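Bear in mind these aren't lab numbers, they're just calculated from the coordinates by the rules spelled out. Here the structure is a predicted model, which is why all the values come from computation and not from measurement. All Cβ positions, even for glycine, are placed from backbone atoms using ideal geometry, and neighbour counts span all protein chains on display.
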Amino acid sequence: MRNCIGFFGGTFDPIHLGHLRLALELKQQLALDEMRLLPCYIPPHRASPSVDAQQRLTMLQLALKDCPQLRWDARELQREKPSYTYDTLCELRSELGEEVSLSWCMGMDSFATLDSWHRWQELIELAHLVVIARPGWEMPTQGPVAELIAQHRADADAIHAAAAGKLVILEPRLLPISATEIRTQIQAGESPQFLVPDAVWNYIRAQGLYGSK
Ligand code: ATP
């Protein structure tokens, strides 16, 4: 059987149960051998003032400590500048080989603007694209992204038959949790307990992140 690895990128500022639950459901639904969460680099002017890349990574590591099903991959943070998905996928492909099935998972919000990404038409040659429907975001019905869907759309099973080249659209259940709301809550002195893993909330308080006291 072909080895199948999924990747789920995000700022994870902070990682919350919505991200974790989705990553696990994707792993199960797609029958992946491995699922990695990949925190992306945030330029200093966009970053949360009190939280650096290492702290975002530490929160992710704490969140995954009791979940052997999910892994973290810090390669984009290590580059210390924003990464093109194209470059990340080239690196993964050369590291993991031509045979392994790679699935790059993203929300419909990101996918809708795919044609503005660096070398976007080559992404599907490097990996499968798994698109997650999100409330408020329609699938493009015309233009270059709609053409990509028409050419490559397949059922979830197809990612096991090839290393790359399929586009899968899924509608998993999404927990209504937002990192922005969590940051606002903490700043206002409220607790985000039960929205983030306890280990992450303890770390946020110990480090005084997001204005916590
Ligand atoms: P913000 O609220 O600050 O926009 P976010 O959690 O949406 O934060 P990211 O950390 O970048 O932002 O999210 C990473 C990925 O997780 C994105 O692809 C996004 O579509 C998805 N995501 C965000 N919130 C949820 C959720 N509640 N359930 C499932 N997936 C989510």
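Nearest 10 degrees, 0 to 90: what angle lies between the long axis of helix 17-29 and the longest principal axis of the chain (Cα atoms)?
30
Per residue of the chain, what 222 nm ellipticity follows from adding -39500 (n - 2.57) for every DSSP H run with n ≥ 4, rounded to the nearest 500?
Calculated at 222 nm, the ellipticity per residue is -10500 deg cm²/dmol.
I need Thr11, Thr88, Thr180 ordered by Cβ neighbour count within 10 Å, fewest first.
Thr180, Thr11, Thr88
With all pairs of different alpha carbon atoms counted, what Kirkwood hydrodynamic radius in Å does the range 1-92 show?
After inverting the mean inverse Cα-Cα distance, the result is 13.8 Å.
Using a Förster distance of 25 angstrom, determine the FRET efficiency expected from the C-beta separation of Phe194 and Gln28, and round it to 0.05.
0.65
Starting from 0.36 nm per residue, how many nanometres of slack lie between Leu96 and Gln187 once their C-alpha separation is accounted for?
Gain on stretching Leu96 to Gln187: 28.6 nm.
What residue among Thr184, Pro14, Trp117 has its Cα farthest toward the positive end of the dipole of the chain, where the charges are +1 on Lys, Arg and -1 on Asp, Glu, each on the Cβ?
Thr184
How would you order 109-115, 92-98 from highest to lowest mean count of nearby Cβ atoms within 10 Å?
109-115, 92-98
How big is the chain along each principal axis, measuring the range of its Cα positions in Å and listing the largest first?
52, 35, 32
Run through every distinct alpha carbon pair of the range 92-213 and return the Kirkwood hydrodynamic radius in angstroms, one decimal place.
Across the range 92-213, the inverse of the average 1/r is 17.0 Å.
How much length is gained if the chain between Lys213 and Arg21 is pulled fully straight, taking 0.36 nm per residue apart and subtracting their Cα-Cα distance, in nm to one decimal?
Result for the pair: 66.3 nm of gain on full extension.
For a quick check, take a GNM of the chain with Cα springs below 10 Å and name the residue from Lys27, Lys65, Lys166 with the largest mean-square fluctuation.
Lys65
Over every pair of different alpha-carbon atoms in the range 59-142, take the mean of 1/r and invert it; report that Kirkwood radius in Å.
It works out to 14.8 Å.
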